1. Could you say which residue among Phe71, Phe97 is modelled with pLDDT of 90 or more, of a type outside the set (Asp, Glu) and more than 16 Å from the ligand (Cβ to nearest atom)?
2. Against the condition in the same structural domain as Arg143 (by TED's automatic domain parsing), touching a Ser or Thr at 6+ places or on another chain (Cβ under 7 Å) and not in a strand (DSSP E or B), how does Ala62 come out, does it pass?
3. Restricting attention to the range 71-82, report how many residues are part of a strand (DSSP E or B) and either surrounded by fewer than 16 Cβ atoms within 10 Å (Cβ to Cβ) or hydrophobic (A, V, I, L, M, F, W, C) (or both).
4. Out of (1) at pLDDT 95 or above; (2) surrounded by 15 or more Cβ atoms within 10 Å (Cβ to Cβ), what's the single condition that is false for Phe160?
5. Provide a single number: the residues in the range 42-59 that are exposed (fewer than 14 other Cβ atoms within 10 Å of the Cβ), part of a strand (DSSP E or B) and within 13 Å of the ligand (Cβ to nearest atom).
6. Just one of the numbered conditions (1) exposed (fewer than 10 other Cβ atoms within 10 Å of the Cβ); (2) touching a helix residue (DSSP H, G or I) at 6+ places or on another chain (Cβ under 9 Å); (3) of a type in the set (Val, Ile, Thr) is not true of Thr63; which one?
Amino acid sequence: MTLDETTNDPEPERYYDWMLWKLRQEDKKNMKLNNAERSIWVTFSKEGVHCYPAALNDPKLATGDWDDVSFLGHPHRHIFHFRVRIEVFHDDRDIEFIQFKRWLERLYQQTEGTSEVLVLDHKSCEMIADELYEQISTRHPGRFVEIEVSEDNENGCSIFYPKS
Ligand SMILES: [Zn+2]
């Protein structure tokens, strides 16, 4: 005799009881699968130059001490690394990874005669994430989204945008 660990629902001996028990087990299993919180994630990276002009003069940033970060005031290059997670509603490519990733990358591509949709320059990682969320939530409304943006995979932000 096996015991269901979550409900103490012992496996019956009689066939008819056993069939009902088996159905209960299946229902429980399906409920767990149906209640699962599903998401997919993709990663990509993008070269960008930004700066933080306030760092040149703000005494909280240009301290002249160990915590001086006044150099941030000058334009400098990073590879910005992105990880984007988005809710999906079933298990069969609700949003297909590669298509989603290509669409995201295209938001940052400069095409002839048009400017970039999203420009990295002068923005913080948090600002970059918020702008990206605007684009994603317009294309895929009604889903939670989580965006990580880092500078050179060293330091960055992680922002969870609940379903709206
Ligand atoms: Zn920077």
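1. Working: Phe71 fails: more than 16 Å from the ligand (Cβ to nearest atom).
One residue alone meets the criteria, Phe97.
2. Working: in the same structural domain as Arg143 (by TED's automatic domain parsing): yes; touching a Ser or Thr at 6+ places or on another chain (Cβ under 7 Å): yes; not in a strand (DSSP E or B): yes.
Against the criterion (in the same structural domain as Arg143 (by TED's automatic domain parsing), touching a Ser or Thr at 6+ places or on another chain (Cβ under 7 Å) and not in a strand (DSSP E or B)), Ala62 qualifies.
3. Applying the first criterion (part of a strand (DSSP E or B)) to the range 71-82 yields 76-82.
Next, from what is left, pick out any that are either surrounded by fewer than 16 Cβ atoms within 10 Å (Cβ to Cβ) or hydrophobic (A, V, I, L, M, F, W, C) (or both): 76-77, 79-80, 82.
So the answer is 5.
4. The number of the failed condition is (2).
5. Narrowing the range 42-59 to residues exposed (fewer than 14 other Cβ atoms within 10 Å of the Cβ): 43, 47, 49, 53-54, 57, 59.
Going one step further and asking which of them are part of a strand (DSSP E or B), we end up with 43, 47, 49.
Filter once more, keeping what is within 13 Å of the ligand (Cβ to nearest atom): 47, 49.
Of the residues in the range 42-59, 2 are exposed (fewer than 14 other Cβ atoms within 10 Å of the Cβ), part of a strand (DSSP E or B) and within 13 Å of the ligand (Cβ to nearest atom).
6. Of the numbered conditions (1) exposed (fewer than 10 other Cβ atoms within 10 Å of the Cβ); (2) touching a helix residue (DSSP H, G or I) at 6+ places or on another chain (Cβ under 9 Å); (3) of a type in the set (Val, Ile, Thr), the odd one out for Thr63 is (1).
The values are calculated or read from the model by the stated rules, or taken from the named source; none is laboratory data. What you see is a predicted model, and the numbers here were worked out from it, not measured in a lab. Methodologically, a virtual Cβ is constructed for each residue, glycine included, from the backbone with ideal geometry; neighbour enumeration extends over all protein chains shown.
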